[in-house]
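The values are calculated or read from the model by the stated rules, or taken from the named source; none is laboratory data. Remember, it's a predicted structure, so these values are computed and weren't measured experimentally. Reconstructed Cβ throughout: ideal geometry from the backbone, glycine too, with neighbour counts over all protein chains shown.
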Amino acid sequence: MSEVALHHPGVEPAESPLTPESWGKLGMWIFLAGDAVGFGVLLASYGAARASSGDWPPPAVHLGINIPGIMTFLLICSSVTMVKALEAIRLGRLGAARRFLLMTIAGGLLFLGMQGYEWTHLIEQGMRMFGNPWGAALFGASFFIITGFHGLHVTGGVIYLGVVTAAISRFPDREYDYMITEVAGLYWHFVDLVWIMVFTLIYLL
Amino acid sequence: MADTHAHKSPNYMAVWAWLAILTVLEIGAYFMPPPSKYPILLALALAKAALVALYFMHLRFDVKTLSAIAVTPLLIATLLVFFLMPDHRGVEHRTAESAKAAAPKP
């Protein structure tokens, strides 16, 4: 309980032993839980569509494993630069934190570039939302919608991290910078975590 | 707020190495014969997801409330898979060919 609470018991009913140490973190976690249900619905219905289809094309044969494998590695690396940025702020090294954040953004942009290349390649081969040359029509829909929704999250994350990087430059306050970077990091790692599941469920299985 | 930062940073490079190793193992597991590779691939993916959540998202060092919030959607998603099972147990498997054959002729 804060000092304010002890000295002015009348003014702050909002703070109790149950008050989280960071409202931002709690808020982000609740958002991520909702977002996770969204991805869960998409992946579960993809599973149902695939299980009830007799001619689901073998994913890895048509989608390839090399490009998504490298994309997986990219996101893992960008998660590391993200935690390194947070560590740098904790140590008071704001310049290093900014550099790590910019590396994380670069990882996200590279990921999006590779996804664009992959999609273009697949569309050129005749893969569409509701049809493809290889079998079950929903193969395209599930692929484009799930990887597309994830790609939107990466795009949002790149913008979000850009805003955080700018905020750190404008407001060089360690506590504040730590808080906003930690909350943004939760979002970025979540996007990495979802891709880990997408890579396995959409490409490898 | 100060005690938030009190825990020592985990060895992030070790977590990174594990994630990379597990990814390589996963790609190796893809080349295994079909029935046995599915549980292995799923287990490897869940292990990677757990590493990210526990160490990068700090769940291991945070208050347990956050872990509870994180695990809830997993339970819901798992239930969802079971809810959707009647969808494919009850109908015969359709293919693009059989759908074409069933469509009314012009």
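Close contacts from region A:122-136, counting a first residue that is facing chain B (nearest Cβ under 10 Å) and a second that is of a type in the set (Lys, Arg), with Cβ to Cβ under 8 Å and a gap of 6+ residues or different chains, come to A:Ala136/A:Arg50.
When A:Gly38, A:Gly113, A:Gly126, A:Gly148 are checked against the criterion of being surrounded by fewer than 18 Cβ atoms within 10 Å (Cβ to Cβ) and over 25 Å from B:Val52 (Cα atoms), a single residue qualifies: A:Gly126. If only residues of region A:50-71 that are among the polar types (S, T, N, Q) and outside any loop (DSSP other than H, G, I, E, B) are counted, the one that is surrounded by the most Cβ atoms within 10 Å (Cβ to Cβ) is A:Ser53. Of the residues making up region A:179-186, one or more are in contact (Cβ under 8 Å) with a residue 60 or more places away in the chain and polar (S, T, N, Q). I'd like to know if region A:162-170 contains one or more residues that are within 11 Å of chain B (Cβ to nearest Cβ) and in a helix (DSSP H, G or I). No, the conditions are met nowhere in region A:162-170.
In region A:10-31, the qualifying residues are those that are surrounded by 10 or more Cβ atoms within 10 Å (Cβ to Cβ) and in a loop (DSSP other than H, G, I, E, B), and the one that is modelled with the highest pLDDT is A:Ser22. The C-beta contact set for region B:46-62 (first residue within 9 Å of chain A (Cβ to nearest Cβ), second residue in a loop (DSSP other than H, G, I, E, B), distance under 6 angstrom, 6+ apart or interchain) comprises B:Ala53/B:Leu59; B:Tyr55/B:Pro10.
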